[in-house]
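Take a look at the structure set out below.
The values are calculated or read from the model by the stated rules, or taken from the named source; none is laboratory data. Since this is a predicted model, take the numbers as computed values, not measurements. No Cβ is skipped: glycine too gets one built from the backbone with ideal geometry, and neighbour counts run over all protein chains shown.
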């Protein structure tokens, strides 16, 4: 475990820097590499280049890193709450809640830029509903709640199909066209959620032992559960509002984190955060590099939503999780 | 064992149960320090419910539980956890955790706000692992252990809490004969050499007779018999508590009562 | 009510309700018809209203019955062989796996004949279902099943969205058919595709009923009773996958009928015995889907809802209510 952790500590900064640079140097519009360097050192005279690098590419990679970290930490917390490593932020139905709120506002007040607050509010409200109705089994309730919310979303879309292309972003998750404003809205959540989650770590270590044992060890399980769920939902809500309901990052990052760092939440939370950030950002790099030319479709399709990429990465990881579970 | 000492743990007029179902009704019980008490009774008699309510894991419906003469639910939960350890019956296996990581959780009540382990915590964990014979398995993952080893790991976690009172719910479940005997000896050792008070739910009446100072027999949430093993484990009580026809003879090894079904 | 009376009367009532429901489906809508007119149009090939009644409303109503019946049988088989109250094609990824394949075929215009589509869908259903079944292993924990199923369904949903994203904007509306299920614009060819498969599947379920019932008592007990445990489980899950895939290939993954119908039948009959529950569950499945389709056709008329919305919005609360008083955790 120790050597793995040290390798992680040494390698992740390298990987992170490499990823950020890749994002800054690559992209759909052509910016010559020397120009990117000049932009980064503040010596670029061509405003279009500066705009592309600083206002398009930089926010995109930052939002990807931040949302990935939040999803991963939220995943760790949700897995702890339901005491099952197969849970992820989507288990709580918050993604479906965000999508419903976004569609609802687009149908009711078309033309207003309410998507961000709507996604955030919808996700948080769903978390609150889950806390109230889901005490018996958060996993089953969350999944059913998600199904109902998705059906309501579809109901709205059948009535008014105008928002359909917008809502696809929230349904699968996409980092296309992120702006500096998105990053401005995201980073305060990082600053609040990540440290709070880490401060909860030793309580989570006790909570996962089960309600009787946790009470026996002096943990006040009611308040702890409420706070953990709140932090988990807040993290997922912020990430979803910024990047859409990207699947599997919240499942894969904690899983790999456990392999590398073990089950202690004091280590698992930071490790998963880093892994989630790298994972989402890497998947985004793949997503916008992919250019698909399919038979039967005339247009060249480039820029797959990042959620589709994470879904493809997620399936084999889920399978490996499964194998480990069954061996145990 | 002295009867004049104040009880370390007591229930007064205690009613408890799950949801609206009353399992234990108006029960009074006092546990003296440095004694081993066994709770026995048929399935559904309320033994575990009583134990978990004494441990404030289940909320009581009426009456009160006193720890060192103070109502247990007025004490902060970590304060209780420093004096009283609980081994529940159904324990979750946390994903990927090792034995040492589980045992470490026993130190949770003692940790400061920054949750850093101190030297004394290391010592407590080492002793707990040694007492349960788990030192060689300390770095194994829990999900790779046998049921018995896992049960011992949970016992080690409870011991690492270093409390004066231990409440054990069917601690011998999953253990083979040797480890059952080891555990019972460990309980006696903790009482004799460390002055611990132990209350445990046992299914095996002979185990209770052999290792407990006091046996409390429950049926339908009421105490039917309470006293030394010799006083409680008689043919008459066994019939009224368990509906079994049994012969009670003297154990040739310990001289305690030994129960043989007829 | 005495059980024996229930056993005779309940299926009778269900059949009567089905007949009323089909008749209502024939009459309601635009143009609205009197029952006599509808029946006349049904029997007389030269009737002026022959087309709406015979070509549009009747196949659609019958498709609802058949699809619902197939889903209910699939749900019952899965719940009983996996001994899990929330096992159903919608939560085991089976439906969404089938939907990915069908969506791909339709959106990308791959030109696969209608008759072949159920078999292609079956491949998707089996892959997704196998992943979920491997994942849940021997556990009976409903939470575990829900989590794995949700993850696999999410992956499938992501794939459907990605596939739809590759298509043109017009096809985006198609998305909801394959994410939610719909009976709109289905005719005789669809019915002819799915009916033999559902009939075969329900028949197979009937043949398996005693073995499946033995499995509900536990693998060891079933083996002790001489039931080939693994073979029975594989056969039952295979039949369920076929049923779900057949329905999904034509209607998309209509959710919560498969989960709800068996629970409702168990509650009405007051028994969990597979062979007693099966007939009523199949009837109720057909009735539920036919009713849901009628509602989704008329509720917001002239806008038509995908029937999957109606089954979800009704099915989930009903499931939660049912589970309140039975052993089903929700």
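Considering only residues in the range A:139-190 that are more than 10 Å from chain C (Cβ to nearest Cβ), surrounded by fewer than 23 Cβ atoms within 10 Å (Cβ to Cβ) and not in a helix (DSSP H, G or I), the one that is modelled with the highest pLDDT turns out to be A:179. Here A:119, A:125, A:98, A:67 are screened, and the one residue that is assigned to a helix (DSSP H, G or I), at pLDDT 90 or above and crowded, with 22+ Cβ neighbours inside 10 Å is A:67. Identify, from the list C:49, C:110, the residue that is modelled with pLDDT of 80 or more and in contact with a helix residue (DSSP H, G or I) (Cβ under 9 Å, 6 or more places away or on another chain). Going through C:49, C:110 in turn, the sole match is C:49. The numbered conditions (1) more than 7 Å from every other protein chain (Cβ to nearest Cβ); (2) surrounded by 13 or more Cβ atoms within 10 Å (Cβ to Cβ); (3) modelled with pLDDT under 75 are all true for residue A:301 except (1).
All conditions but one from (1) without any contact (Cβ under 8 Å) to a residue 60 or more places away in the chain; (2) within 18 Å of the chain's Cα centre (by Cα) apply to residue C:77; the one that does not is (1). The residues listed here are C:265, C:281, C:290; of these, the one that is buried (at least 24 other Cβ atoms within 10 Å of the Cβ), closer than 14 Å to residue C:311 by Cβ and within 17 Å of the chain's Cα centre (by Cα) is C:290. Is it the case that some residue within the range A:240-256 is buried (at least 24 other Cβ atoms within 10 Å of the Cβ), modelled with pLDDT of 90 or more, within 14 Å of chain B (Cβ to nearest Cβ) and within 30 Å of residue B:83 (Cα to Cα)? The answer is no, given that none of the residues of the range A:240-256 is buried (at least 24 other Cβ atoms within 10 Å of the Cβ), modelled with pLDDT of 90 or more, within 14 Å of chain B (Cβ to nearest Cβ) and within 30 Å of residue B:83 (Cα to Cα). Looking across the range C:293-303 at every residue that is modelled with pLDDT of 80 or more and more than 20 Å from the chain's Cα centre (by Cα), the one that is farthest from residue A:157 (Cα to Cα) is identified as C:298. Tallying residues that are exposed (fewer than 15 other Cβ atoms within 10 Å of the Cβ) and in a helix (DSSP H, G or I) within the range B:136-147 yields 3.
Of all positions in the range C:178-192, at least one carries a residue that is modelled with pLDDT under 75, more than 10 Å from every other protein chain (Cβ to nearest Cβ) and either crowded, with 21+ Cβ neighbours inside 10 Å or closer than 15 Å to residue A:170 by Cβ (or both).
Cβ-Cβ contacts under 9 Å between residues 6 or more apart (or on different chains), taken from a first residue in the range B:63-82 that is away from chain A (no Cβ under 12 Å) and at negative phi to a second residue that is loosely packed, with under 15 Cβ neighbours inside 10 Å and modelled with pLDDT under 90, are listed as B:64/B:73; B:65/B:73. Consider the range C:293-324 and keep the residues that are touching a residue at least 12 places away in the same chain (Cβ under 8 Å) and closer than 15 Å to residue C:266 by Cβ. The one that is surrounded by the most Cβ atoms within 10 Å (Cβ to Cβ) is C:319.
Of the set (1) surrounded by fewer than 22 Cβ atoms within 10 Å (Cβ to Cβ); (2) in contact with a helix residue (DSSP H, G or I) (Cβ under 8 Å, 6 or more places away or on another chain); (3) modelled with pLDDT of 90 or more, all apply to residue B:7 but (2).
Residue-by-condition table, conditions (1) within 14 Å of chain A (Cβ to nearest Cβ); (2) closer than 29 Å to residue C:26 by Cβ:
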{"residue": "C:66", "(1), (2)": "no, yes"}
{"residue": "C:84", "(1), (2)": "yes, no"}
{"residue": "C:125", "(1), (2)": "no, no"}
{"residue": "C:153", "(1), (2)": "yes, no"}
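You will find that of B:121, B:143, B:169, the residue that is within 13 Å of chain A (Cβ to nearest Cβ) and out of contact with any helix residue (DSSP H, G or I) (no Cβ under 7 Å at 6 or more places or on another chain) is B:143 and no other.
Does residue C:224 fit the bill of being touching a helix residue (DSSP H, G or I) at 6+ places or on another chain (Cβ under 7 Å), more than 14 Å from chain A (Cβ to nearest Cβ) and exposed (fewer than 15 other Cβ atoms within 10 Å of the Cβ)? Criteria not met by residue C:224.
Residues checked against (1) in a loop (DSSP other than H, G, I, E, B); (2) within 24 Å of residue B:7 (Cα to Cα); (3) touching a residue at least 60 places away in the same chain (Cβ under 8 Å):
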residue: B:149; (1), (2), (3): no, no, no
residue: B:159; (1), (2), (3): no, yes, yes
residue: B:188; (1), (2), (3): no, yes, yes
residue: B:193; (1), (2), (3): no, yes, no
residue: B:203; (1), (2), (3): yes, no, yes
residue: B:254; (1), (2), (3): yes, no, no
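Residue-wise test of (1) away from chain A (no Cβ under 14 Å); (2) modelled with pLDDT of 85 or more; (3) assigned to a helix (DSSP H, G or I); (4) closer than 30 Å to residue C:276 by Cα.
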| residue | (1), (2), (3), (4) |
| --- | --- |
| C:31 | yes, no, no, no |
| C:41 | yes, no, yes, no |
| C:87 | no, no, no, yes |
| C:92 | no, no, no, yes |
| C:99 | no, no, yes, no |
| C:131 | no, no, yes, no |
| C:143 | no, no, yes, yes |
